[in-house]
Amino acid sequence: MSDCVFCQIVNGRIPSIRVYEDADFIVFMDINPITTGHCLLTTRGHYPTTSDAPDDLLARALPLAKKLAQAVMIGVGAEGFNLIQNNGRMAGQLVDHWHLHIIPRKDKAELPLKTGEPADFTKLPFVADNIRSNL
């Protein structure tokens, strides 16, 4: 996709600082990092969301993310990491090309996460039924 910024990075038309690459994936440093070492694992092929990406490709992405996260943590001296993958604008996806954020963490305050409210147990079984019926 000629107008996709990540496709342009994959094809070398936009410069990036690459950490890793193979036949299916590239990993590059995020230019607006949440923390030092924040990088993006993305597919070479253009798939807008997880729903669009082939299952076999996604099956290879998580073991690669594990390997990369371990290297990032050692490389920047982090104690933990977040893997964040957004799908659609409502979920915060800014680039319509599948990618996974690898965000090393040294301090909980670097990426504040809000906890949820207690579930309504009178409604929870019905929500679960609706989900199961769509599997």
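Return the total of residues in the range 41-76 being under 22 Å from LEU94 (Cα atoms) and either touching an Asp or Glu at 6+ places or on another chain (Cβ under 8 Å) or among the acidic types (Asp, Glu) (or both).
Summing the residues that are under 22 Å from LEU94 (Cα atoms) and either touching an Asp or Glu at 6+ places or on another chain (Cβ under 8 Å) or among the acidic types (Asp, Glu) (or both) in the range 41-76 gives 7.
Please identify the pairs in which a residue from the range 74-92 that is touching a residue at least 40 places away in the same chain (Cβ under 8 Å) and under 22 Å from TYR47 (Cα atoms) has its Cβ atom under 8 Å from the Cβ atom of a residue that is assigned to a helix (DSSP H, G or I) and not aliphatic (A, V, I, L, M), counting only partners at least 6 apart or on another chain.
Listed by first residue and then by second, the contacts come to nothing, as the list is empty.
Which condition from (1) touching a strand residue (DSSP E or B) at 6+ places or on another chain (Cβ under 6 Å); (2) under 19 Å from LEU113 (Cβ atoms) is the one that LEU68 breaks?
(2)
Only one residue in PRO63, PRO48 is more than 23 Å from LEU113 (Cβ to Cβ) and in contact (Cβ under 8 Å) with a residue 40 or more places away in the chain. Which one?
Result: PRO48 is the single residue among PRO63, PRO48 that is more than 23 Å from LEU113 (Cβ to Cβ) and in contact (Cβ under 8 Å) with a residue 40 or more places away in the chain.
With respect to ASN130, is the statement that it is surrounded by fewer than 10 Cβ atoms within 10 Å (Cβ to Cβ) and part of a helix (DSSP H, G or I) true?
Yes, satisfied.
Residues of the range 8-27 being polar (S, T, N, Q) and surrounded by 17 or more Cβ atoms within 10 Å (Cβ to Cβ), which ones?
The answer is SER16, and nothing else.
Residue by residue, here is whether (1) within 12 Å of GLY37 (Cβ to Cβ); (2) at pLDDT below 95; (3) small (Gly, Ala, Ser) holds:
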site	(1), (2), (3)
ALA65	no, no, yes
LEU68	yes, no, no
ILE74	yes, no, no
PRO112	no, yes, no
PRO125	no, yes, no
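What's the total number of residues in the range 88-110 that are surrounded by 10 or more Cβ atoms within 10 Å (Cβ to Cβ) and either over 23 Å from THR36 (Cβ atoms) or among the polar types (S, T, N, Q) (or both)?
Of the residues in that region, 6 qualify.
The values are calculated or read from the model by the stated rules, or taken from the named source; none is laboratory data. Because the structure is predicted, anything quoted here is derived from the model rather than measured. Positions of Cβ are backbone-derived with ideal geometry, glycine not excepted, and every protein chain shown enters the neighbour counts.
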